[in-house]
Amino acid sequence: MAAVAVRNLDDQTHARLKEMAARHGHSLEAEIRRILDKAAGLPDENIGMAFYRFAQEHGGFELDIPEREFEDPDESLFA
C-alpha cells in the first residue's frame, strides 16, 4: 500500500475532515482514504451492498428455499 503525506493543509479543512470522520464513525485516516477512493472512482461498498444494489437494479431475485425436514430430538441430549 502506498502512503501519502499532505503538507500545508488548511486548519479548517483538517477540522472539517475530523468532524466528517467522527460523524461516520471512522478515524481521520480512514475518512481521508474513503474520500480519496471515492474521488478516484474506487468502489465504496462491501459485497453485501453490491448484491443489494444488483438486486435493486434488476428487480430483485427469488431464491429457492428447500423444505426443512424435522426429526424428533434425541432425548439423551437433554438429560
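Select from segment 26-79 the residues that are in a loop (DSSP other than H, G, I, E, B) and either in contact with a Phe, Trp or Tyr (Cβ under 9 Å, 6 or more places away or on another chain) or of a type in the set (Gly, Ala, Ser) (or both) and list them in ascending order.
Hits for segment 26-79 are 27, 40, 41, 45, 59, 60, 61, 79.
Quick one: count up the residues across segment 1-25 that are of a type in the set (Val, Ile, Thr), exposed (fewer than 10 other Cβ atoms within 10 Å of the Cβ) and part of a helix (DSSP H, G or I).
Within segment 1-25, residues that are of a type in the set (Val, Ile, Thr), exposed (fewer than 10 other Cβ atoms within 10 Å of the Cβ) and part of a helix (DSSP H, G or I) number 0.
Readers should treat all values here as calculations from the given coordinates under stated rules, not as data from a laboratory. Just so it is clear, the structure is predicted and the values come from calculations on it, not from any experiment. Cβ atoms come from the backbone with ideal geometry, glycine included; neighbour counts cover every protein chain shown.
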